[in-house]
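The values are calculated or read from the model by the stated rules, or taken from the named source; none is laboratory data. Predicted model, so just to flag it, every value in this text is computed and none were measured. Reconstructed Cβ throughout: ideal geometry from the backbone, glycine too, with neighbour counts over all protein chains shown. Please note that ligands, DNA and RNA were not included when accessible areas were found on the heavy atoms of the full protein model with its side chains. Shrake-Rupley method; radii C 1.70, N 1.55, O 1.52, S 1.80 Å.
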Amino acid sequence: MKFSESWLRTFVNPAVYGSDFSHLLTMAGLEVEEEETAAPYFDKVVVARVVEVSKHPDADRLNVCRVDAGLPSPLQIVCGAPNVAPGQLVPCALPGANLPGDFQIKIAKVRGVDSSGMLCSAKELEISDDASGLLVL
């Protein structure tokens, strides 16, 4: 059977973490056969609010978004997701982020418009296979 560590900690919460927690459970008679992470490692991905969406001047299927990622000023990000809309909370990979599959996010020009990051789908974060649009939180 599979159990999440957070669920197990609702019953018992010793001050040990990771493999030490698994070892402690095994020594208590509850054999832990395997540990696995729920999602792959990635960094510099934050929850951002989409503030404004406008059509890209040179591409029919792209939008230029102004995004509040908790930084001193909003970011401009070019996005091709069909479900992007103002007010949404979505995952935002900041420049320098390393996403699963060794994919690094850089500041780039997309059809002549500056883009300072990437708004992400669940598939891009390898959380699920859904690539139909942004992962709206």
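Atom-type composition of the exposed protein surface of the stretch 59-137 places 51 percent of the accessible area on carbon and sulfur (1.4 angstrom probe).
Scoring 67-76, 92-101, 3-12 by mean Cβ neighbours within 10 Å over their residues and listing the highest first yields 92-101, 67-76, 3-12. Take every pair of alpha-carbon atoms less than 8 Å apart whose residues are at least six positions apart; their mean separation over the length of the stretch 29-71 yields a relative contact order of 33 percent. The convex hull drawn around the Cα atoms of the chain, when projected onto a plane and averaged over every direction, covers 10.7 nm².
Send over a whole-number figure in Å² for the accessible area per residue of the chain, probe 1.4 Å. Heavy-atom accessible area per residue stands at 66 Å². Extension gain, LYS106 to ASP129, is 5.9 nm, computed as 0.36 nm per intervening residue step minus the present C-alpha separation.
Going by a ≥ b ≥ c, the root eigenvalues of the Cα gyration tensor, does the stretch 81-137 fall in the rounded group (a/c under 1.5), the prolate group (a/b larger than b/c) or the oblate group? Oblate shape, in that a/c is at least 1.5 and b/c is the bigger or equal ratio. Look at the dipole of the chain built from charges on Cβ: of THR37, SER22, VAL84, the Cα furthest out on the positive end belongs to VAL84.
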